[in-house]
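The next block holds one structure in the form of structure tokens; read it before the comments.
All of the numbers you see were taken from the coordinates with simple rules; none came from a lab. Please read these numbers as outputs of a predicted model, since none were measured by experiment. FYI the Cβ positions are ideal-geometry reconstructions off the backbone, even for glycines, and counts take in every protein chain you see.
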Amino acid sequence: MATVSLKGIYKIYEGNVTAVSDFNLEIADKEFIVLVGPSGCGKSTTLRMVAGLEEISKGELRIDDKVMNDVEPKDRDIAMVFQSYALYPHMTVRENMEFPLKLKKMPKDQIKKAVDEAAEILGITEYLDRKPKALSGGQRQRVAIGRAIVREPKVLLMDEPLSNLDAKLRNQMRAEIIKLRQRINTTFVYVTHDQTEAMTLGDRIVIMKDGFVQQIGTPQEVFNHPVNIFVAGFIGTPQMNFFNNSDLVKDASGYHAVVNGVNIPLGDAIQKALTANGVGSQKVVLGIRPEHIRFAQPGADVLTGKVEVSEMMGSEYHLHATCAGQDVVLRLPTADLPENFQGGIPYGTEMSFTFRPDSIHLFDPESEKNLI
């Protein structure tokens, strides 16, 4: 239906307060793009500039190769779903969904057909004669989405649409949005602060911080190859462990890392990347995800820690251990635990662990960029 192009987009408020800086993104037809980042990073402001609800201070917005900077929101052929459902309380579900089509003066039979089809896609046919107050939060959000898709917009913008729902409903609605995406030919731009939503929904993710784009990539790319410490810490639950003041050592045998005086071997792919990037011996921040730490037998080249908190999550344990004064989180499948720990891991247990050599991340302490 539509491509969207944002080139050098800035949003600068009075007093020279910059909310979005040099935002560049090319969105393909029917692509599902997720803007994600902490509160105040500029993601909703960017979405509102695409919608026309915020003026673009600098840069160029194109939808289907037409410049949209000065086009009224109603003429951009977009629809937006907000965090608050924004339904008319005095209208039935059907009347709420018909409303934008009546404004366009569509024939009655076409309006009925469009609403019936959207209601069927979203599973809300049985609620068409109810008022919004008689619906649950998830049902109201489906009505809000239905009101947006009946217009068959070129671009569907969604601003944190699931944040008002409880955890179970959020999971259900995520699945509904994935199904919806398969059934309608629309380009999606979706804003969230929830990285799980971003990872499960997006074809590509745009990670933002302080108004700047940090990284754009597929969910797998940003998880496996974060460009800097911020992205590495933001994506992934529980978040990546960081060992500050570690050393990267280059010698005749290649590279290895030193953490708390312990030698840490690095995998072949990491060795090649460091060589290709011309990295020498230096101080580094070593990052390792909780799921890439594993138990080891006590010995010379293993780290040791003391269990502080043990969280049983069903199929896995989340362990919080203190290692040389630092909190380290381990994510261990229950099936992989040593037999003596199957019933639980008591507070104060001494344990030895090591890292998967091919899953280590190394960051420059000053630039915070990934050296690999």
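Helical runs (DSSP H, four residues minimum) scored at -39500 (n - 2.57) apiece and divided by the length of the chain put the mean residue ellipticity at 222 nm at -7500 deg cm²/dmol. Measuring nothing but how far apart in sequence close Cα pairs (under 8 Å, 6+ apart) lie, relative to its length, region 4-233 scores a relative contact order of 28 percent. Residue-wise HN-Hα couplings along region 210-218, as the Karplus relation 6.51 cos²θ - 1.76 cosθ + 1.60 with θ = phi - 60° gives them from phi, are 6, x, 10, 6, 8, 7, 10, x, 5 Hz; Gly and Pro carry x.
Amide H contacts under 5 Å for E316: T334, restricted to partners 5 or more places along the chain or on a different chain, H placed in the peptide plane at 1.01 Å from N. Here's how it looks for I360: its modeled amide H is under 5 Å from those of G267, which are all 5 or more places away or on a different chain. In order along region 246-252, the Karplus-derived 3J(HN,Hα) couplings, from 6.51 cos²θ - 1.76 cosθ + 1.60 at θ = phi - 60°, round to 8, 10, 9, 10, 10, 9, 4 Hz, and Gly and Pro are given as x. Note on the chain: with a GNM built from Cα contacts shorter than 10 Å, the maximum mean-square fluctuation among E31, E14, E98 falls on E14. Using the alpha carbons alone, the radius of gyration of the chain stands to its Kirkwood radius in an Rg to Rh ratio of 1.06.
Shape class of region 179-298 from the Cα gyration tensor (axes a ≥ b ≥ c, square roots of the eigenvalues): prolate, since a/c reaches 1.5 or more and a/b is larger than b/c. The H on the amide N of V206, modeled in the peptide plane, is under 5 Å from the matching H of V34, L35, V36, each at least 5 residues off or on a different chain.
If you run the Gaussian network model on the chain, springs between alpha carbon atoms under 10 Å, then out of K168, K43, K250 the most flexible one is K168. With neighbour counts taken as other beta-carbon atoms within 10 Å, the residues D210, D358 rank, fewest first, as D358, D210. Geometric descriptor of region 236-372, per residue, is 113 Å³ (volume of the convex hull of the Cα atoms). What the phi angles of region 69-85 give under the Karplus curve with 6.51, -1.76 and 1.60, with θ = phi - 60°, is a coupling list of 3, 10, 7, 4, x, 5, 9, 8, 6, 10, 9, 10, 10, 9, 5, 7, 5 Hz, glycine and proline written as x. When a/c is below 1.5 the answer is rounded, else prolate if a/b is larger than b/c, else oblate, so apply that to region 117-169 with a ≥ b ≥ c taken from the square roots of the Cα gyration tensor eigenvalues. Oblate. What FRET efficiency, computed as 1/(1 + (r/R0)^6) with R0 = 35 Å and r the Cβ-Cβ distance, is obtained for D22 and K168, rounded to the nearest 0.05? Efficiency, from the Cβ-Cβ distance: 0.35. Separation of the alpha carbons by more than 22 angstrom is noted, of K11/K43; K272/K369; K154/K179; K179/K209, for K179/K209.
Does region 22-74 classify as rounded, prolate or oblate by the C-alpha gyration tensor (a ≥ b ≥ c root eigenvalues; a/c under 1.5 gives rounded; else a/b over b/c gives prolate, otherwise oblate)? The shape class here is oblate. Model label sites at D268 and K179, defined 7 Å from Cα along the beta-carbon direction, differ in position by 4.5 nm.
Over the chain, with a Gaussian network built from C-alpha contacts below 10 Å, which listed residue (G37, G254, G314) shows the highest mean-square fluctuation? Comparing G37, G254, G314 in the GNM, the peak value goes to G314.
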